[in-house]
1. If Pro21 satisfies every condition in (1) free of Cβ contacts under 8 Å to residues at least 12 places away in the same chain; (2) out of contact with any helix residue (DSSP H, G or I) (no Cβ under 9 Å at 6 or more places or on another chain) but one, which is the exception?
2. Does Val40 meet the test of being under 10 Å from the mean Cα position of the chain (by Cα) and free of Cβ contacts under 8 Å to residues at least 12 places away in the same chain?
3. Would you pick out the residues in the range 10-32 that are out of contact with any His (no Cβ under 9 Å at 6 or more places or on another chain) and within 16 Å of Val62 (Cβ to Cβ)?
4. Within the range 19-53, can you find the residues that are closer than 21 Å to Ser8 by Cα and among the acidic types (Asp, Glu)?
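Here, each number is a calculation from the coordinates, and none is a lab measurement. None of these values were measured; they are calculated from a predicted model. Note: ideal-geometry Cβ built from the backbone for every residue, glycine included; neighbour counts use all protein chains shown.
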Amino acid sequence: MKVTIDHSVCTGHGMCYANAPEVFVDDEQGYGQVAGGGVVADRLAESARRGARSCPERAISVVERSDQ
Ligand code: SF4
């Protein structure tokens, strides 16, 4: 699956990496990043969705198929 963060709306609340640290990390300014460059293993799908749901800015998109 593919996970992206719209950095134009991410405000660095940190909810994504607090709730799903296996998928999301913070950069040096506290903004969210997707670990591994955005391609997330299927076994981490639920964590990716949990992180996306926790984002107050709805900045995170989860695309189930990695070829999309
Ligand atoms: S929870 Fe949303 S706004 Fe906060 S750091 Fe993560 S992507 Fe950015």
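1. Every condition holds for Pro21 apart from (2).
2. no
3. Within the range 10-32, Cys10, Met15, Cys16, Tyr17, Asn19, Ala20, Glu22, Val23, Phe24 meet the criteria.
4. Matches in the range 19-53: Asp26, Asp27, Glu28.
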